[in-house]
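These notes concern the structure reproduced below.
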Amino acid sequence: MFTGLLHLHNLLRYAIVILLVIALIKSFAGWFGKKEYTAADNKISLFLLISAHLQLLIGLGLYFISPVVKEAMTDMGAAMKDAVLRFWATEHLSAMILGIILITLGRIMGKKGKNDTAKFRRQAIYFLLATVLIFSAIPWPWAEMGIARPWF
Ligand code: HEM
């Protein structure tokens, strides 16, 4: 069960990364190019929201069964002094939850924009902040040992 969820969580990362980058580029292009907010723009932000919320559910499930989180929980004081345990017990979870909140706000506030430029501008700002947070907390293969995870 743990391995299956972990693989799913790993693969869903790509859907989020790709959708987030597309939504970000389209939001900035729409904002500065004063473009029309189309049904396609709405669909991209909707799929991004759905993938991010699904990832949150899988992540929460993983959090309660992860061996590395369990190890951290046995002594949180000591875990906070260990970069790897701290990353898995607190940093990954909090940065990702904040990132997902920003994606949700980007979608909601974007839709409330008075005109198409305002919609794109709001989305662009929230999605940019979400991208910075999420990209900073992904366990990329070049991260330090214990945090780094393979591409697939
Ligand atoms: C945009 C959101 C997220 C992305 C892109 C993401 C990405 C990843 C990636 C790439 C891995 C490594 C997978 C592997 O080893 O194959 C991972 C592991 C993990 N993530 Fe996330 N994650 C996200 C959100 C969350 C959230 C919200 C939580 C908790 C509430 C969470 C908890 C975990 C846990 C517990 C692990 C596994 C640690 C272990 O190996 O035991 N993730 N995540």
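What follows draws every value from the coordinates through simple rules; no lab data is involved. Computed from a predicted structure; not experimentally measured. Note that each Cβ is placed from the backbone with ideal geometry, even for glycine, and that neighbours are counted across all protein chains shown.
What number of lysine-lysine pairs in the chain show an alpha-carbon separation below 30 angstrom, given a sequence spacing of 8 or more or placement on distinct chains? Within the chain, the lysine pair count is 23.
With all pairs of separate Cα atoms included, the range 69-152 yields a Kirkwood hydrodynamic radius of 14.4 Å.
Dipole orientation for the chain: of the candidates Q55, G110, I100, G110 has the Cα lying most toward the positive pole (charges on Cβ; Lys, Arg +1; Asp, Glu -1). Rounded to the nearest angstrom and listed largest first, the equivalent-ellipsoid semi-axes of the range 1-74 from its Cα gyration tensor are 34, 11, 9. Specify the inter-centroid distance of the range 1-31 and the range 59-114, based on alpha-carbon positions, in whole Å. Cα centres, the range 1-31 to the range 59-114: 16 Å. For the chain, a crude dipole built from +1 on the beta carbon of Lys and Arg and -1 on the beta carbon of Asp and Glu, taken about the Cα centre, is about 800 debye to the nearest 20.
Computed from point charges on the beta carbon alone (+1 for Lys and Arg, -1 for Asp and Glu), the dipole magnitude for the range 67-152 about its Cα centre is near 740 Debye. Phi angles across the range 123-138 convert, under the Karplus curve 6.51 cos²θ - 1.76 cosθ + 1.60 with θ = phi - 60°, into 3J(HN,Hα) values of 4, 4, 5, 5, 5, 5, 5, 4, 4, 4, 5, 5, 5, 6, 10, 6 Hz, Gly and Pro given as x. Each Cα pair under 8 Å and six or more residues apart adds its separation to the average, and for the range 1-115 the resulting relative contact order is 27 percent. Computed from backbone phi with θ = phi - 60° and the Karplus coefficients 6.51, -1.76 and 1.60, the 3J(HN,Hα) list for the range 139-151 is x, 4, x, 8, 6, 5, 4, x, 9, 4, 10, x, 4 Hz; x is used for glycine and proline. Sorted from greatest to least, the principal axis extents spanned by the alpha carbons of the range 2-137 come out as 53, 29, 19 Å. Charge dipole (Cα centre; +1 on Lys/Arg Cβ, -1 on Asp/Glu Cβ; no other charges) of the range 1-81 amounts to roughly 240 debye. The GluC sites (Glu not before Pro) of the range 49-152 meeting both criteria, a DSSP state outside H, G, I, E and B (loop) and at most 16 other C-beta atoms within 10 angstrom of the site's C-beta, are E144.
Using the Karplus relation 6.51 cos²θ - 1.76 cosθ + 1.60 with θ = phi - 60°, the per-residue 3J(HN,Hα) values for the range 81-94 come to 8, 10, 4, 6, 5, 5, 4, 6, 7, 10, 5, 4, 4, 6 Hz, with x marking Gly and Pro. Ranking of M109, M80 by neighbouring Cβ atoms within 10 Å, starting from the fewest: M80, M109.
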